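Structure first, then comments.
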Amino acid sequence: MEKTSGYAGCELWVDLARKTVTKHPLRKDLRGCIGGAGYAVRCILEHQPARPDPFHPESLLLFATGPLTDSRVPGGGSLEICCTSPLTGAWGESRMGCDAGITLRKAGVDVLVVTGAAAEPCVLFLDDGKVSFLSGAALLGKTTLEKERLVAEMVEDPSLLVLSIGPAGENLVRFASVMHRHRAAGRIGLGAVMGAKKLLALAVRGTGIVPLADSEAFRETARRVHQKVLQHPMAKEFRRAGTMGGYAWSDASGDLPTKNWRSNSWGKGEAIFRHFMEENLVASRGCYRGCTLQCGRRVAVASGPFATPEHDGGEYESVAAFTAFVTNENVDAAVHASWLCNELGVDTISAGGAAAFLMECAERGMSLPEDARSLGLAWGNGAALAPLVRKIAFREGVGDLVADGVCRAAERLGRPEALAWAVAGKGLEGPAHDPRGGKVLALTYGTNPRGMCHIHPVEAKAWDGDKLDFGLRRFGLPDPEGISPWQERGKGLAARLLQDAGTLPEILCTCKFYMYAGVTLDDYAAMLAAATGWDVSGEELLETGERIFTLQRLFNRREGFAAGDDALHPRVRAMPEFGRYADDPRCAVADYEEMLREYYAARGWDPETGIPEAETLRRLTLPSDLTGA
Ligand code: SF4
C-alpha cells in the first residue's frame with residue numbers, strides 16, 4: 001500500500017453485518033482535506049447516499065485521525081468521530097480527547113469506516129493489523145466504565161484502549177455519547193449510531209510506528225510549540241481552573257444562558273465556581289498522555305445525597321447545563337448528574353437543555369407523562385436531575401419524551417407554544433454561551449454545520465467578548481480591541497475567518513484549547529510540514545479550513561437544510577427577562593438578518609439562498625454538483 005509520510009497509509013472499512021474487513025489506500029486528494037473531520041466529510045459525501053436514516057445499517061460511522069494525531073504534538077491526543085447526526089440530520093462530528101487516535105495510527109489505520117449492523121451485540125477489536133469481532137452479549141445494559149473493564153478482561157489486557165457506549169446508546173437516545181474513561185464524544189448522537197449498529201465497544205491496540213518526513217524537525221518543532229504554550233498566561237489558568245475558570249466571567253458578561261435562556265446572566269457565578277473549586281475539584285489531568293495544558297478535571301462529591309466517586313468531569317458546559325440552565329444552585333447535584341451522564345453515555349449539554357425544557361413545560365402547566373410530577377421537575381430542584389438522566393438513558397416516561405431531543409419533544413406534546421421553549425439550532429440543544437453577551441456568536445451559532453454547538457462557534461465569542469485574536473490578524477481578522485461585543489454590524493468577515501481557523505483542529509486532530517494558549521496556524525503548518533514533507537503554510541491551512549467548512553455546508557444542503565435553518569431561536573435574540581442585563585437594550589439581537597447578509601457576502605455565498613457561489617467553489621477547488629443547483 002502506497003505510503004504518505006505522516007500517515008499510517010490505510011482507510012479501513014469494516015462491515016459489521018457481513019463481518020468483512022477491507023483495506024484501502026488513503027484518498028488521492030489528501031492534502032485538500034488532510035484528516036479528521038475533513039477526511040470524513042469527503043468520504044461520507046462520496047460513499048453515503050443523501051438523506052439516509054442515520055440508524056440505517058448502511059449509514060457510515062467514521063473514526064478519523066490526522067497527521068498531527070501524535071502525543072508529541074500540543075493537543076495531539078484527538079480522535080474525530082463523524083456521521084450524519086441522528087439528532088439533527090445534519091453534519092455530525094465530535095472530538096474525543098484520548099490516546100485512542102494515536103493508538104489507531106500505531107495499529108496501522110488512519111481512518112476506520114464502520115458500516116452495516118451486527119446481528120448480535122458486538123465488540124470490534126483492532127489489534128495492530130488484525131480485526132476481530134467479539135461478542136458483546138455480556139456488555140448489554142452495562143455502564144460505560146463497566147464495558148471498558150469487561151472488554152479489557154475479555155482480551156486480557158488491562159491497558160487496552162476501549163471506547164464504549166452506555167445504555168443510552170443501546171436505547172438509541174439521539175444525544176447518546178461515545179465514551180472513554182468518562183471523556184465524551186458527545187452532542188450529536190454518535191452513541192446512538194453505534195447502538196443502531198449493535199457495536200457496543202471499539203478496542204484498539206497498536207505498536208507500530210507512523211513514518212514521518214523529517215522526524216528530527218517534527219520533534220524539534222513540537223517541542224518549540226510546547227515551550228511557547230507553557231509560557232502563555234492561559235496555560236496556567238487552564239491547569240488551575242480548567243474550563244470552569246470561565247464560569248463567573250460568563251455570568252458577569254452576559255454569556256451564561258440561564259433558566260432555559262430566559263436570561264443571559266444569573267448572579268450566582270462566583271458562588272458556583274467557589275463551591276466547585278473548594279468542594280469538588282480533586283486534581284487537573286490531561287485527557288491523553290502528553291497534554292501540557294491539562295484542562296481536564298478530576299472531580300468528586302465526598303458525601304451526602306449526591307456522593308459521587310472521583311471521575312473525569314466538571315467541565316464548564318456540563319456544570320452550566322445542570323446549574324444555570326435549570327437555576328440549580330446545588331453544585332454537588334450538578335456534578336453527580338454529569339457523572340451519571342458519563343456512566344450511561346448521555347450528552348450533558350442536551351440533558352441539561354432537556355431538563356430546562358421540561359421544567360418550563362411543568363411551570364406553564366403543560367401536560368407531561370405521569371412520572372414528571374414525582375421527579376419534581378421544578379426550577380432549582382437539583383435532586384430531579386440525576387433521576388431524569390436515568391429516565392432519558394433508559395427511555396422511561398418523561399425521559400423517553402425528551403430522548404429524541406427537545407424539538408421532537410415539543411412536537412410530540414402537540415402544542416405550538418412548546419416550540420418556543422425548545423431552544424436549539426438545527427435541532428441541537430443550545431450550549432452554555434449566549435450571543436446576547438457577544439453578538440458575533442449569533443452568526444456562528446446560526447451557521448455552524450453541527451447546529452448550536454459549543455465547539456466552533458465559540459472562537460467568535462472569544463474574539464469580540466474576550467479580545468482574543470488567535471494570531472489571525474495577519475490573515476485579515478480585525479483587531480478585537482476595536483470591536484464592541486454589543487455591535488452587530490461589520491462582523492461577517494471575522495465570523496468567517498474564526499470559523500475557518502477554528503475548524504482546523506478538527507481536521508488536523510488536535511485540541512483547540514491550544515489555539516487559546518498561543519498555537520498559531522503557522523505553528524500547525526510547521527508541524528504538518530515536518531510530518532508530511534509538504535511545503536505547507538498558514539495561508540494554505542486557513543483555506544483548507546474554509547474548504548472543509550464549505551463542504552460541511554454543502555453536505556447539509558444535500559441533506560435538505562436551507563438558509564432558513566441558519567435562523568436563531570427567538571428566545572436567544574430576545575431581551576433577558578431578568579438578571580444584570582434585563583434593562584440593557586444592547587443585549588437583544590436586533591438585526592440578525594443583516595448580520596447574516598454580511599456574513600454570506602464575506603463567504604462568497606448567495607445573499608438569499610446561502611448557497612456557495614460558483615466562483616467560491618472554483619477558488620476552493622470544489623465540484624459544482626454538490627450545490628444541488
Ligand atoms: S487541554 Fe483539555 S481537552 Fe485539550 S487535550 Fe488537554 S485535557 Fe484534553
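Selection over the range 58-75 of residues that are modelled with pLDDT of 95 or more and farther than 24 Å from residue 220 by Cβ gives a count of 6.
Scan the range 511-519 and give yes if some residue there is out of contact with any His (no Cβ under 6 Å at 6 or more places or on another chain), buried (at least 24 other Cβ atoms within 10 Å of the Cβ) and free of Cβ contacts under 8 Å to residues at least 60 places away in the same chain, otherwise no. Working first, answer last.
Residues of the range 511-519 out of contact with any His (no Cβ under 6 Å at 6 or more places or on another chain): 511-516, 519.
Within this subset, residues satisfying the condition of being buried (at least 24 other Cβ atoms within 10 Å of the Cβ) are 511, 514-515, 519.
Then keep just the ones that are free of Cβ contacts under 8 Å to residues at least 60 places away in the same chain; that gives 515.
Yes; the residues of the range 511-519 include at least one that is out of contact with any His (no Cβ under 6 Å at 6 or more places or on another chain), buried (at least 24 other Cβ atoms within 10 Å of the Cβ) and free of Cβ contacts under 8 Å to residues at least 60 places away in the same chain.
The listed residues are 59, 85, 94, 78, and the only one of them that is surrounded by 23 or more Cβ atoms within 10 Å (Cβ to Cβ), of a type in the set (Ser, Thr, Tyr), over 21 Å from residue 161 (Cβ atoms) and out of contact with any His (no Cβ under 8 Å at 6 or more places or on another chain) turns out to be 85. Per the listing 518, 471, 482, the residue uniquely over 30 Å from residue 86 (Cβ atoms), within 16 Å of the ligand (Cβ to nearest atom) and more than 21 Å from the chain's Cα centre (by Cα) is 518. For the range 260-290, a residue qualifies if it is under 20 Å from residue 311 (Cβ atoms) and within 16 Å of the ligand (Cβ to nearest atom), and the qualifying residues are 281, 282, 283, 284, 285, 286, 287, 288, 289. For the range 476-496, the set of residues classified as closer than 16 Å to residue 547 by Cα and surrounded by fewer than 24 Cβ atoms within 10 Å (Cβ to Cβ) consists of 493 only. Which one is nearest to the ligand (Cβ to nearest atom), of the residues in the range 296-307 that are surrounded by fewer than 23 Cβ atoms within 10 Å (Cβ to Cβ) and without any contact (Cβ under 8 Å) to a residue 60 or more places away in the chain? Among residues in the range 296-307 that are surrounded by fewer than 23 Cβ atoms within 10 Å (Cβ to Cβ) and without any contact (Cβ under 8 Å) to a residue 60 or more places away in the chain, the one nearest to the ligand (Cβ to nearest atom) is 298. Does the range 104-127 contain at least one residue that is in contact with a strand residue (DSSP E or B) (Cβ under 7 Å, 6 or more places away or on another chain) and in a helix (DSSP H, G or I)? Within the range 104-127, one or more residues are in contact with a strand residue (DSSP E or B) (Cβ under 7 Å, 6 or more places away or on another chain) and in a helix (DSSP H, G or I).
Contact list please: Cβ distance under 9 Å, first residue in the range 588-603 and in contact (Cβ under 8 Å) with a residue 40 or more places away in the chain and assigned to a helix (DSSP H, G or I), second residue among the polar types (S, T, N, Q) and surrounded by fewer than 20 Cβ atoms within 10 Å (Cβ to Cβ), pairs at least six apart or on different chains. Hits for this filter: 600/609; 603/616.
I need the helices (runs of 4 or more DSSP H) fully contained in the range 131-246, keeping only those with at least 2 residues that are surrounded by fewer than 20 Cβ atoms within 10 Å (Cβ to Cβ).
Values: elements: 144-154, 167-170, 190-196, 215-231, 233-241.
So the answer is 144-154, 215-231, 233-241.
Might you let me know whether the range 328-337 holds any residue that is within 16 Å of the ligand (Cβ to nearest atom), assigned to a helix (DSSP H, G or I), out of contact with any Ser or Thr (no Cβ under 6 Å at 6 or more places or on another chain) and at pLDDT 95 or above?
The answer is no, given that none of the residues of the range 328-337 is within 16 Å of the ligand (Cβ to nearest atom), assigned to a helix (DSSP H, G or I), out of contact with any Ser or Thr (no Cβ under 6 Å at 6 or more places or on another chain) and at pLDDT 95 or above.
Of all the numbered requirements in (1) assigned to a loop (DSSP other than H, G, I, E, B); (2) touching a helix residue (DSSP H, G or I) at 6+ places or on another chain (Cβ under 7 Å); (3) away from the ligand (no atom under 14 Å from the Cβ), residue 293 misses one, and that requirement is (3). Going by the conditions given, is residue 507 free of Cβ contacts under 8 Å to residues at least 24 places away in the same chain and either more than 16 Å from the ligand (Cβ to nearest atom) or surrounded by 24 or more Cβ atoms within 10 Å (Cβ to Cβ) (or both)? The answer is no for residue 507.
This table checks each residue for (1) β-branched (Val, Ile, Thr); (2) within 16 Å of the ligand (Cβ to nearest atom).
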site: 87; (1), (2): no, no
site: 100; (1), (2): no, yes
site: 110; (1), (2): no, no
site: 113; (1), (2): yes, no
site: 129; (1), (2): no, no
site: 165; (1), (2): yes, no
site: 183; (1), (2): no, yes
site: 189; (1), (2): no, no
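The rows are residues; the columns are (1) buried (at least 24 other Cβ atoms within 10 Å of the Cβ); (2) on the phi > 0 side of the Ramachandran plot; (3) in contact with a Pro (Cβ under 7 Å, 6 or more places away or on another chain).
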| site | (1), (2), (3) |
| --- | --- |
| 3 | no, no, yes |
| 17 | no, no, yes |
| 22 | no, no, no |
| 36 | yes, yes, no |
| 41 | yes, no, no |
| 49 | no, no, no |
| 55 | no, no, yes |
| 64 | yes, no, no |
| 72 | no, no, no |
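Taking every residue in the range 230-245 that is farther than 24 Å from residue 256 by Cα and pairing it with any residue that is assigned to a helix (DSSP H, G or I) and within 12 Å of the ligand (Cβ to nearest atom), at least 6 positions away or on another chain, the pairs with Cβ-Cβ distances below 9 Å are 232/516. Quick check: anything in the range 394-409 touching a helix residue (DSSP H, G or I) at 6+ places or on another chain (Cβ under 6 Å), small (Gly, Ala, Ser) and buried (at least 24 other Cβ atoms within 10 Å of the Cβ)? Yes, some residue in the range 394-409 is touching a helix residue (DSSP H, G or I) at 6+ places or on another chain (Cβ under 6 Å), small (Gly, Ala, Ser) and buried (at least 24 other Cβ atoms within 10 Å of the Cβ). Here residue 470 meets each of (1) in contact (Cβ under 8 Å) with a residue 24 or more places away in the chain; (2) assigned to a helix (DSSP H, G or I) with one exception, condition (2). The residue pairs whose first member lies in the range 73-89 and is under 21 Å from residue 55 (Cβ atoms), whose second member is among the hydroxyl-bearing types (Ser, Thr, Tyr) and within 16 Å of the ligand (Cβ to nearest atom), and whose beta carbons are closer than 6 Å, counting only pairs six or more residues apart or on different chains, are 81/94.
Scanning the range 194-252 for residues that are among the small types (Gly, Ala, Ser) and within 16 Å of the ligand (Cβ to nearest atom), we see that the one that is nearest to residue 66 (Cα to Cα) is 222.
The values are calculated or read from the model by the stated rules, or taken from the named source; none is laboratory data. As the structure is a computational prediction, the values presented were derived from the model and not from experiment. Methodologically, a virtual Cβ is constructed for each residue, glycine included, from the backbone with ideal geometry; neighbour enumeration extends over all protein chains shown.
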